[in-house]
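Worksheet for the structure shown next.
The values are calculated or read from the model by the stated rules, or taken from the named source; none is laboratory data. Predicted model only: the values in this text are computed from it and were never measured. Every residue, glycine among them, receives a Cβ derived from its backbone with ideal geometry; neighbour counts consider all protein chains shown.
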Amino acid sequence: MKLSVMQENLARSLAIVSRAVSTRSTLPVLANVLLRTEDAGLKLTATNLEIGITVWVPGKIDSDGATTVPAKLLSDIVSSLNASERVELELQGTDTLLLRSGRFTAHLRGIDADEFPAIPTAGERPTTRISQKVLRQALSETAFAAASDEARPILTGVLVHFEGDHVTLAAADNYRIAVKTIPVLDAVEDTRLVIPARSLSELVRVLADTDDPVDIVLSPARNQVLFHLEGVDLVSRLIDGQFPNYQQVLPQAHTTRAVLEREELLKALRPAAFIASNAANIVKLQIGGNGEGEVTVSANAEIGDYEGGVEASLEGDGTTIAFNARYLADVLQYVDAEQFALELNGPLSPGVFKPVGDDKYVHVVMPVRTTS
């Protein structure tokens with residue numbers, strides 16, 4: 001193997017694939033990145049066996065070949081080189097990679113490419129396609145709500161339910177649920193996948209703010225899903241199991257509704273969260289009846305107390321409800337909306353957040369029981 005590539009292209013591509021490098025595996029080769037010449041360029045691949053990322057780097061190929069070298073070491077070295085220069089890579093023997101750029105030369109000891117796990121590529125016909133911009137926003141507004149606790153593995157994933165000309169994404173832990181429905185570019189039969197939220201968070205990093213499509217390919221064995229966009233493949237394992245029927249806990253009616261400016265509610269919530277961090281992270285929202293025009297955000301702890309008001313358009317009964325401050329902050333920070341409608345059925349029923357003007361998204365937060 002002998003080739004040359006531009007430093008900036010190689011550095012950018014290594015930064016992408018390095019997100020999939022395993023840091024705690026007992027297999028040494030998983031700490032490496034696979035370098036293989038392919039289609040008049042260099043193909044970089046990394047995997048931790050849950051997620052695999054492949055990036056193609058344009059280059060000048062003198063001879064074909066493949067090897068693996070430590071991903072972090074290669075990335076650190078390439079990042080230190082001049083961005084305007086070419087980097088020459090040459091495999092010497094069976095396991096030594098020579099790097100040369102300007103007056104710089106380095107030798108990296110690697111592991112044979114045959115020991116690297118096989119990673120699927122986008123050779124299959126796409127199951128469907130989705131606008132990158134649309135999918136990126138939908139994932140940003142849902143994946144954060146998945147559980148981080150491995151006690152219930154199914155909840156560490158996001159349900160992806162394809163149905164005809166749309167797909168519904170749903171993520172939940174024991175305290176909240178986020179649901180978003182978006183269109184697909186190619187109609188698809190009823191299909192349900194549960195994809196690790198960690199994999200989808202990495203996908204968000206590579207999706208662009210463009211209407212260009214991302215191809216989605218479900219493997220024939222239905223145990224992996226592949227996302228393909230220009231120059232990048234991301235493949236993820238799927239989580240086995242039945243995702244809970246979240247629709248059963250989505251409130252269908254409300255007795256109180258408040259429409260608030262997202263930024264104003266965030267401003268009132270942040271100081272409350274500082275106080276609440278000393279008192280089980282609990283903040284209270286007091287909502288007046290029709291016409292009172294304000295929602296009060298408060299927190300109380302031994303260290304102090306706080307109260308802030310937010311202008312609101314109110315309908316229905318007045319009520320007071322308590323939430324975990326972090327869950328409130330998450331929905332306000334991750335969901336792109338100028339205004340939210342908060343719908344309630346009293347102090348012990350879930351709070352429902354809906355972006356005003358977007359009937360395809362709903363976020364449910366469970367209340368916190370308090371002594372008062």
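Quick rundown of the values:
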quantity: Within the range 102-147, tally of residues that are more than 24 Å from the chain's Cα centre (by Cα), under 24 Å from V214 (Cα atoms) and assigned to a helix (DSSP H, G or I); calculated: 0
quantity: Selected residue (criterion: surrounded by the most Cβ atoms within 10 Å (Cβ to Cβ)) from residues of the range 353-364 that are within 22 Å of the chain's Cα centre (by Cα) and in contact (Cβ under 8 Å) with a residue 24 or more places away in the chain; calculated: H363
quantity: Strands (runs of 3 or more DSSP E) enclosed by the range 254-332 - at least 3 residues per element that are out of contact with any Pro (no Cβ under 7 Å at 6 or more places or on another chain); calculated: 256-261, 282-287, 294-301, 304-316
quantity: The range 333-369, subset of a type in the set (F, W, Y) and in a strand (DSSP E or B), residue farthest from P271 (Cα to Cα); calculated: Y361
quantity: In the range 242-253, the residues that are in a loop (DSSP other than H, G, I, E, B) and not hydrophobic (A, V, I, L, M, F, W, C); calculated: Q242, P244, N245, P251, Q252
quantity: All positions within the range 213-239 that are of a type outside the set (A, V, I, L, M), in a loop (DSSP other than H, G, I, E, B) and touching a residue at least 40 places away in the same chain (Cβ under 8 Å); calculated: S219, P220, G231
quantity: When residues of the range 36-87 are limited to those that are part of a strand (DSSP E or B) and free of Cβ contacts under 8 Å to residues at least 40 places away in the same chain, the one farthest from K2 (Cα to Cα); calculated: A46
quantity: Given (1) surrounded by fewer than 17 Cβ atoms within 10 Å (Cβ to Cβ); (2) hydrophobic (A, V, I, L, M, F, W, C); (3) within 26 Å of the chain's Cα centre (by Cα), number of the condition A40 does not satisfy; calculated: (3)
quantity: Qualifying positions in the range 155-180 - closer than 19 Å to D330 by Cα, over 15 Å from the mean Cα position of the chain (by Cα) and modelled with pLDDT of 95 or more; calculated: R176, I177
quantity: Test: S13 is touching a residue at least 24 places away in the same chain (Cβ under 8 Å) and surrounded by fewer than 21 Cβ atoms within 10 Å (Cβ to Cβ); calculated: no
quantity: Set V33, V5: member being free of Cβ contacts under 8 Å to residues at least 60 places away in the same chain, of a type in the set (A, V, I, L, M, F, W, C) and surrounded by 20 or more Cβ atoms within 10 Å (Cβ to Cβ); calculated: V33
quantity: Qualifying residue in the range 183-191 (condition: assigned to a strand (DSSP E or B), outside the structural domain of Y327 (by TED's automatic domain parsing), in contact with an Asp or Glu (Cβ under 7 Å, 6 or more places away or on another chain) and within 22 Å of Q248 (Cβ to Cβ)); calculated: yes
quantity: In the range 16-30, residue farthest from D114 (Cα to Cα) [restricted to those that are small (G, A, S) and surrounded by fewer than 20 Cβ atoms within 10 Å (Cβ to Cβ)]; calculated: S18
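The rows are residues; the columns are (1) surrounded by 19 or more Cβ atoms within 10 Å (Cβ to Cβ); (2) among the aromatic types (F, W, Y); (3) under 16 Å from the mean Cα position of the chain (by Cα); (4) not assigned by TED's automatic domain parsing to the domain that holds G309.
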| residue | (1), (2), (3), (4) |
| --- | --- |
| P196 | yes, no, yes, yes |
| L200 | yes, no, yes, yes |
| V206 | yes, no, yes, yes |
| D215 | yes, no, no, yes |
| E230 | no, no, no, yes |
| A272 | yes, no, no, no |
